[in-house]
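Contents: one structure, followed by commentary.
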Amino acid sequence: MKATPAQSVKAKFGDRAGIVAAILPLLESDKTEAKSTLMGVSNKQLIKILGAAQEVKQKYGSRKDLISKIVALRYPNGNVGDGFLKRLETATVKRLLEEYRQVGGK
């Protein structure tokens with residue numbers, strides 16, 4: 001039988017605070033605000049957030065590197081609007097990965 005998200009979190013990280021502590025170093029945001037937000041998120045979502053954050057770290061190095069790759073693919077001539085950059089900077093890691101795949105990244 002497949003383990004529930006709560007069982008998976010408990011087995012791998014001990015408790016919710018453990019998985020949140022694993023996610024925080026991967027995020028490039030205000031740690032105190034992010035921690036309080038993540039503590040209110042379901043275990044299933046925490047597992048997804050951790051997977052997306054690890055993928056960004058392993059494949060692209062950082063969130064800013066991923067954003068620059070998206071911009072380079074979407075605007076090869078370099079005519080980037082401020083609104084587009086602002087939208088990317090406020091997007092979640094999962095949304096950035098999806099945007100990268102949509103613009104032709106692999």
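Some values worked out for this structure:
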{"read-out": "Residue selected from the range 28-45 under the condition modelled with pLDDT of 90 or more and in a loop (DSSP other than H, G, I, E, B), by the criterion surrounded by the fewest Cβ atoms within 10 Å (Cβ to Cβ)", "value": "Gly40"}
{"read-out": "Pairs with Cβ under 7 Å, 6+ apart, first in the range 37-53 and outside the structural domain of Tyr100 (by TED's automatic domain parsing), second buried (at least 17 other Cβ atoms within 10 Å of the Cβ) and not in a helix (DSSP H, G or I)", "value": "Ala53/Leu27"}
{"read-out": "Extreme residue, surrounded by the most Cβ atoms within 10 Å (Cβ to Cβ), among residues of the range 1-27 that are of a type in the set (A, V, I, L, M) and not in a helix (DSSP H, G or I)", "value": "Leu27"}
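Conditions tested, residue by residue: (1) of a type in the set (D, E, K, R); (2) within 22 Å of Ala21 (Cα to Cα).
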{"position": "Arg63", "(1), (2)": "yes, yes"}
{"position": "Ile67", "(1), (2)": "no, no"}
{"position": "Val71", "(1), (2)": "no, no"}
{"position": "Val80", "(1), (2)": "no, no"}
{"position": "Ala91", "(1), (2)": "no, yes"}
{"position": "Arg95", "(1), (2)": "yes, yes"}
{"position": "Arg101", "(1), (2)": "yes, no"}
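The values are calculated or read from the model by the stated rules, or taken from the named source; none is laboratory data. Quick caveat: nothing in here was measured; it's all calculated off a predicted structure. In this analysis, Cβ positions are derived from the backbone assuming ideal geometry, glycine residues included, and neighbour counts consider all displayed protein chains.
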